[in-house]
Amino acid sequence: MQKVIEIVDGVTRHPLYRMKEPVNLCIRKGEQTAIVGENGSGKTRLIDIITGRYPLLMNEVNYDFSPSLLKLASENIKYISFRDSYGDTDTGYYYQQRWNQHDIDENTPTVRALLDKAYASIEKHVGYGLTDEEKESAQLQRVALREKLYTMFHLDDLLDEYIISLSSGEMRKFQLTKAMLSAPRILILDNPYIGLDANTREQLNGLLQTLIKGMDLQVILVLSKTNDIPSFITHIIPVKDIIVLPKVKKENYIQQASIVRTDLLSEEKKNRILALPQNPDKQICTDEENNILLFNKINISYGNRHILKNLDWAVKKGEKWALHGENGAGKSTLLSLVCADNPQGYACHIELFGKKRGSGESIWDIKKYIGYVSPEMHRSYLKDIPAIDIVASGLNDTVGLYVRPKQEQYAICEWWMDIFGIVALKERTFLTLSSGEQRLCLLARAFVKDPELLILDEPLHGLDDHNRQLVKEIITTFGQRKDKTIIMVTHYEEELPQIFNHKIYLHKNK
């Protein structure tokens, strides 16, 4: 059977990017594969070898892209990385920018412009070596595919939006559509299901199955969550401790996969969290009904697009709220109002910590009580500084470290990094960490000041099964302390710790 990708005794030229053992790998025609492994195990490093980003010493990667007429790996392989899910790595982006529409340059590309460009980019290749009848057939197939993608992902409503205005789920749909339009021979997706609501995840699986059958597409998924392995996957490539293990059939892997145990957070660490003293300087005020948050008929719009409409919401001190809703329903926008990141909040009736928004408090007066992590925050963190400094930035609510912490503050950072199991990474720079390790750093950053209000916007993005369970237990233990209030967004019901007993569901405004 045709070998689409073959690596024999592959060793990268640069020693910093080598696996611990030479890579031997063969992916044959029709094999739909998933690369699985724990955070930091080397999954992305293997993908970088497959795509040619890390050249090999002697034996280069062998490709057979037939029946594609294109020859280059860059033409036949499309890779959507974890960070691509949040948009291009533009160092000019800051995480509040999505809410500050007046700061968006008018030359910022729209969804329509970028998708039209992706669609046009393959025009020069289509038709090469084909008969007129075959050209017409290929054209009709591409038009049908574009219409199917736009319909499935509801992109018609987003085409005139600036790219940086999209939610994380909408951004994922955009990136998937952009990659599909180029008609790749091999499509590599890093954790494609994160940020997508349940309905869209199901639709994505159906689309990939259709493309596999109808376009001779070869799919490689990079997965941290084993429950996300879809039915169309035939083979698993395990990666462990920077070693690529032999490829196995999916059913054999699932049978052998160990069940993630509970109680990953030791009793000693649980007791340490529970024993943290209350800080009298950080006790938040409430209104007469014990509300720390009160929204009254909130309306948020961008142009003709209504995100939130006549929303009422009250959160009392100590409550644990799960925030649900389909992609683009306004979940992150709602949280941006709570965190004072959205300037439209000052035109709304919002009461937070017993005060009406706009009554003289600064953004920092609000943020000092709040711990926060979100996809937008992960996107904006392009600072290649030591991991402990990333955690320390949470003490002053900055992106990056502008005030050198005191020694006792660094001790607190190490304390929380130990709780999250990443203290050994404290001197590693942020951009050298895996996406899952980065997420653990940002979670430690959210907890580091022991906030009274903890806001977790899809906190388990990109975490492996072990770390997902560990973080759930940390959230549960933290939430058992007196008067700690938590709001959490997730598209996976099983991600919610049992302490969450209040729910709000946002419906997308049409």
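Qualifying GluC sites (Glu not before Pro) in region 404-441, where qualification requires a DSSP coil assignment and no more than 11 other C-beta atoms within 10 Å, comprise 427. Centre-to-centre separation between the Cα atoms of region 338-375 and those of region 140-214: 34 Å. This ranking places 21, 326 by how few other beta-carbon atoms lie within 10 Å of each, fewest first, which gives 21, 326. Amide H to amide H distances under 5 Å link residue 59 with 11, where only residues 5 or more positions off or on other chains count and H is placed in the peptide plane. Taking other Cβ atoms within 10 Å as a rough exposure proxy, 336, 359, 41 sort from fewest to most as 359, 41, 336. Along its principal axes, region 152-270 has C-alpha extents of 52, 40, 26 angstrom, given from the largest down. Here the contact order of the chain, divided by its residue count and restricted to Cα pairs under 8 Å and six or more residues apart, works out to 18 percent. Against the set (1) 154; (2) 250; (3) 241, the structure's computed volume of the Cα convex hull per residue in Å³ falls on (1).
Considering only Cα-Cα distances, which of the following residue pairs are longer than 28 Å: 117/240; 309/503; 173/449; 482/503; 173/247? As for pairs spanning more than 28 Å Cα to Cα, those are 117/240; 173/449; 173/247.
Of all DSSP-defined beta bridges confined to region 267-506, some 45% are antiparallel rather than parallel. Computed about the Cα centre, the dipole magnitude for region 267-506 is approximately 380 debye when only Lys and Arg (+1) and Asp and Glu (-1) carry charge, each at its Cβ. Of the residues 308, 476, 487, the one whose Cα sits farthest toward the positive end of the charge dipole of region 267-506, with +1 on the Cβ of Lys and Arg and -1 on the Cβ of Asp and Glu, is 308.
The alpha carbon centroids of region 7-23 and region 244-307 are separated by 37 Å. Footprinting exposure proxy ranking of 232, 420, fewest other C-beta atoms within 10 angstrom first, gives 232, 420. Computed from the alpha carbon positions, the gyration tensor of region 267-506 leads to an equivalent ellipsoid with semi-axes of 28, 20, 19 Å, biggest first. Rg and Dmax over the alpha-carbon atoms of region 408-510 stand at 14.6, 51 Å.
Note that region 43-49 has calculated 3J(HN,Hα) couplings of 4, 5, 4, 5, 4, 5, 6 Hz, one per residue in order, obtained from phi through the Karplus relation 6.51 cos²θ - 1.76 cosθ + 1.60 (θ = phi - 60°); glycine and proline are x.
Annotation: amide H-H contacts under 5 Å for residue 328 (H modelled 1.01 Å from N, sequence separation of 5 or more, or interchain): 169, 170. Among the listed pairs 367/508; 270/320; 29/249, those whose Cα-Cα separation exceeds 22 Å are 367/508.
Just so you know, all these numbers are worked out from the coordinates, no wet-lab data involved. Please read all numbers here as calculations on a predicted model, not as lab measurements. When we count neighbours, we look across all protein chains shown, and the Cβ atoms used for this are built from the backbone with ideal geometry, even at glycine.
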